[in-house]
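All remarks here apply to the structure that follows.
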Amino acid sequence: MSKAGLPGGILVIDDDRALCDLLHEDLQQRGHRVWTALKAGQARELLDQHSIDIVLTDLNMPEMNGIDFCAELHQRRPDLPVIIMTAFGSLETAIAALRAGAYDFVTKPVDLDLLSISLDRGLQHRHLQETVRRLQDQVRRQQPDDDLLGESPPMVKLKQQISRIAGLDTSVLLAGESGTGKELVARSLHRQSQRSGGAFVALNCAALPENLLESELFGHVRGAFTDAREARKGLFVEASGGTLLLDEIAELPLSLQPKLLRVLEDHRVRPLGGSSEITCDVRVIAASHRNLGEAVAAGLFRSDLFYRLNVIQLELPPLRRRGDDILLLAMKFIQQLSRRFGKSVVGLAQPAAACLLAYSWPGNVRELRNTIERAVALTLHDTITVDDLPDSVRHPGDSAPLPLSLHDGQTIIPLEEMEQRYIQQVLEQLDGNRTLAARMLGVDRKTLYRKLKET
């Protein structure tokens, strides 16, 4: 098995049979499928016959040199990473290889461990390309009413839970971080229930002051308070026969909690200032990014109301735990926002996709949508590139530019940190090519890999 845990099909091309045999044995032991060819013609046949994920080719070969073969292959299979090997390493050769479309460049004699790292990175690159294409196709095939996008294990589990409980006419508590899509889950529960023909009404309990919140929920009669010129029936009555989502329920004032509990238990509501009760048939879904159990312990939320709402609890996963769902959602947002802005943005470049996957998304799906909206609005291309992403996503955890002034001791940073930032800047300029970065920095590759591991 390879170190990165991502085995693949590797084609090795070199006129040195002994080297081919050595690489074949080593790479097979690392979990890869390996084919070898002594010249370009034989390599073409193998490419047509087998599922090849990455090509490792010598620079100097009979019939055609490695750079020309790489250029030819890049025309035929631009998605196939090519790594070029040569005993005649130079900066000029490296640049020529990269211009021909090579993914990376290694020198002979080959260091098998460093070669394995380069191959693993190439395989990950190809896997990400294929993932982006697959998810783009999935977004194109998406049904209009399929709001809960996601195929990661946490989302599959959540969808299964929704299907099991949607038909149960009982209260549900949605828990999870802010921005994880609680309203979408609530709408999905409503759509799959027997109440789907009724109204779906949502209220953010944190958005209104206490006096207005009481009126909004329970209604009021004419003259109940200043400016109450007309009676209002309230959201419980409006949602009767359907579903009412009470978002940010933890923010509901303590003074209103007993009245909400009574409505949930008796299915009757008394409007503010009224003398009679109105029957209402509502399924209540509550949602909060705060831990309601902790709020109960702190005396901020009634325990009886908590138990009445928490009949069934669904935990929504944060975006950072959803893997490739990040790209699936990003491409759905690109599709939506491209239409909205009247632009022809159709996809996501692989380096940009890698940035999205590497970021932790503290604001979850809401932050991702805002990021994609900004990118679609600003991009000059038909695909979102790294340059279209905000600095916080491109360089997570980075601080401002390197401080060089020594007048203020507070701005001085450790030499090791400055070195790491500089290495990352060089890698950025070279599109992540570590071999070329090592040459530019004047260190060998082992030293560069070691320094990168120290980050």
Ranking His267, His220 from most to least accessible area with a 1.4 Å probe gives His267, His220
For Ala297 and Gln424 in the same chain, what is the full-extension length gain: residue separation times 0.36 nm, less their Cα-Cα distance, in nm? 41.1 nm
Starting from the Cα-Cα distance between Gln138 and His50, subtract it from 0.36 nm times their residue separation and give me the gain in nm to one decimal. 29.1 nm
Output wanted: per-residue J couplings in Hz (rounded whole) for the stretch 117-129, from phi through Karplus 6.51 cos²θ - 1.76 cosθ + 1.60, θ = phi - 60°, x for Gly and Pro. 5, 5, 5, 4, 5, x, 5, 5, 4, 5, 4, 5, 4
Would you check the accessible area of Glu251, probe 1.4 Å, heavy atoms only, in square angstrom rounded to 10? 70 Å²
Label-to-label distance, nm, for residues given as Leu212 and Asp16 (7 Å Cα→Cβ offset): 7.6 nm
Amide N of the stretch 117-136 lying under 14 Å from the label point, which is placed 7 angstrom from the Cα of Val346 along Cα→Cβ: 133, 136
Per residue convex hull volume, Cα only, the chain, in Å³ is 211 Å³
Can you tell me the orientation of helix 364-378 relative to the chain, as the angle in degrees between its alpha-carbon axis and the longest Cα principal axis, to the nearest 10? 60 degrees
Compare Lys451, Lys182 by solvent-accessible area with a 1.4 Å probe and give them largest first, with all protein chains kept in place. Lys451, Lys182
Placed amide H near Gly242: partners under 5 Å, 5+ positions off or other chain: Ala199, Arg283
Can you compute the helix-only [θ] at 222 nm over the chain? Use -39500 (n - 2.57) per DSSP H run of at least 4 residues, normalise by all residues, nearest 500 deg cm²/dmol. -14000 deg cm²/dmol
Using the Karplus curve 6.51 cos²θ - 1.76 cosθ + 1.60 with θ = phi - 60°, what ³J(HN,Hα) values do you get for each residue of the stretch 32-38, in whole Hz, with x for Gly and Pro? 8, 8, 10, 10, 10, 9, 8
May I ask you to give the solvent-accessible area per residue for the chain, in square angstrom, as obtained with a 1.4 angstrom probe? 49 Å²
Arrange the residues Leu254, Leu112, Leu59 by how much accessible surface each exposes, largest first, with a 1.4 angstrom probe. Leu254, Leu112, Leu59
Which lysines, if any, have their Cα less than 22 Å from the Cα of Lys233, not counting same-chain residues under 8 positions apart? Lys259
On C-alpha positions alone, give me the angle between the axis of helix 182-191 and the longest principal axis of the chain, in degrees, nearest 10. 70 degrees
What list of ³J(HN,Hα) couplings, whole Hz, do you get for the stretch 290-299 from phi and the Karplus terms 6.51, -1.76, 1.60, once you set θ to phi - 60° and write x for glycine and proline? 8, 7, 5, x, 5, 5, 5, 4, 7, x
For the chain, what relative contact order do you get, as a whole percent, if you take Cα pairs closer than 8 Å and at least 6 residues apart? 13 percent
Give the separation of the Cα centroids, the stretch 101-140 to the stretch 149-174, in Å. 36 Å
Report Met64's accessible area, 1.4 Å probe, all protein chains in place, as a number in Å² to the nearest 10. 50 Å²
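The values are calculated or read from the model by the stated rules, or taken from the named source; none is laboratory data. Remember, it's a predicted structure, so these values are computed and weren't measured experimentally. Heads up, the Cβs are rebuilt from the backbone with ideal geometry, glycines too, and the neighbour counts pull from every protein chain shown. Heavy atoms of the whole protein, side chains included, go into the accessibility calculation; ligands, DNA and RNA do not. Shrake-Rupley method; radii C 1.70, N 1.55, O 1.52, S 1.80 Å.
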